[in-house]
Amino acid sequence: MLGRIGGMAVGFFVPEACPVCAGAAPGPDGELCAACAEGLRELPRPRCGRCGGAADSALDACGECLRLGPRPWRHAVSVFPYGGTVRDLVHRLKYGDQPYLARFLGRRMVRAWEEHGTGVPEIVVPVPLHWWRRLRRGYNQTALLADEVGAGLGIPVLPALVRTRATRRQALLDIDRRQANVRGVFAPRPRWPVRGRHVLLVDDVLTTGHTLGEAAGTLLAAGALAVSVLTTARG
């Protein structure tokens with residue numbers, strides 16, 4: 001009886017349709033319809049190891065990372081370029097009350113890490129939402145992605161960070177104001193220690209890197225051995 005109820009619940013939250021177009025039936029791989037599978041392209045090779053995006057030089061880094069210098073984390077991997085269909089997917093996951101999209105996106109993140117990641121992370125940590133935004137949205141989309149990543153890689157997910165104050169949406173700010181918006185916004189949770197561990201920090205999009213940089217810095221200050229970053233998209 002419980003198994004049947006569980007199956008009904010999964011069917012309710014995970015529609016039997018392509019998660020991109022929400023119309024056509026998925027193809028043989030069980031993920032996307034044929035048209036969306038053709039149109040949803042991942043980042044090309046080679047990849048920039050500093051931000052996870054496409055490397056646009058002969059070096060193992062993109063022009064932006066060469067200009068900005070070292071990032072606060074050791075290594076970064078992303079799946080898609082941010083825009084078009086991917087931007088729509090991320091917005092539907094974050095703002096469209098469609099948490100089931102985390103399953104598809106999280107699986108792609110796992111595959112990207114297995115292909116492009118370096119080192120062996122020991123724990124997965126999601127970038128947290130402020131409690132008020134979490135309450136209004138009903139879930140933290142990054143935590144859902146982290147759960148999929150942790151399950152796929154076989155490592156535990158720990159809510160080791162807390163957001164100490166509400167901030168404005170980064171996407172609404174210019175580059176100069178984004179860093180100030182998130183400065184000092186994260187704090188470690190003593191109940192979930194990261195000391196001496198390689199942390200895989202998960203978020204949906206890496207744009208300027210200010211939010212992830214602040215989160216990575218907080219984890220390192222709390223004693224993390226290393227921090228790597230995994231995101232759905234590179235903006």
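Structure values in brief
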{"item": "Those residues of the stretch 192-219 which are more than 21 Å from Leu153 (Cα to Cα) and in contact with a Pro (Cβ under 7 Å, 6 or more places away or on another chain), in sequence order", "result": "Gly213, Gly217, Thr218"}
{"item": "Residue within the stretch 65-79 that is buried (at least 20 other Cβ atoms within 10 Å of the Cβ), out of contact with any Cys (no Cβ under 7 Å at 6 or more places or on another chain), within 26 Å of Gly138 (Cα to Cα) and hydroxyl-bearing (Ser, Thr, Tyr) present", "result": "yes"}
{"item": "Residue list for the stretch 114-129, restricted to those being buried (at least 17 other Cβ atoms within 10 Å of the Cβ) and either free of Cβ contacts under 8 Å to residues at least 40 places away in the same chain or outside the structural domain of Arg163 (by TED's automatic domain parsing) (or both)", "result": "Leu129"}
{"item": "Of residues in the stretch 73-108 being in a strand (DSSP E or B) and under 12 Å from the mean Cα position of the chain (by Cα), the one farthest from Leu220 (Cα to Cα)", "result": "Phe80"}
{"item": "Condition check for Arg111: surrounded by fewer than 19 Cβ atoms within 10 Å (Cβ to Cβ), out of contact with any strand residue (DSSP E or B) (no Cβ under 6 Å at 6 or more places or on another chain) and under 26 Å from Ala224 (Cα atoms)", "result": "yes"}
{"item": "Unmet requirement for Val86, which otherwise passes all of (1) touching a Phe, Trp or Tyr at 6+ places or on another chain (Cβ under 7 Å); (2) closer than 26 Å to Val162 by Cβ; (3) at pLDDT below 95", "result": "(2)"}
{"item": "Test result for Arg137, closer than 13 Å to Asp204 by Cα and among the charged types (D, E, K, R)", "result": "no"}
{"item": "Close pairs (8 angstrom Cβ cut-off, 6 or more residues apart or separate chains): touching a residue at least 24 places away in the same chain (Cβ under 8 Å) and at negative phi in the stretch 214-235, small (Gly, Ala, Ser) and in a helix (DSSP H, G or I) anywhere", "result": "Val227/Ala216; Val229/Ala216; Leu230/Ala112"}
{"item": "Qualifying positions in the stretch 109-137 - over 16 Å from the mean Cα position of the chain (by Cα) and in a loop (DSSP other than H, G, I, E, B)", "result": "Thr118, Gly119, Val120, Glu122, His130"}
{"item": "In the stretch 218-235, residue surrounded by the most Cβ atoms within 10 Å (Cβ to Cβ) [restricted to those that are part of a strand (DSSP E or B) and among the β-branched types (Val, Ile, Thr)]", "result": "Thr231"}
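The values are calculated or read from the model by the stated rules, or taken from the named source; none is laboratory data. The structure presented is a predicted model; accordingly, all values stated were derived computationally and were not measured. As a convention, Cβ positions derive from the backbone with ideal geometry for all residues, glycine included, and neighbour counts pool all protein chains shown.
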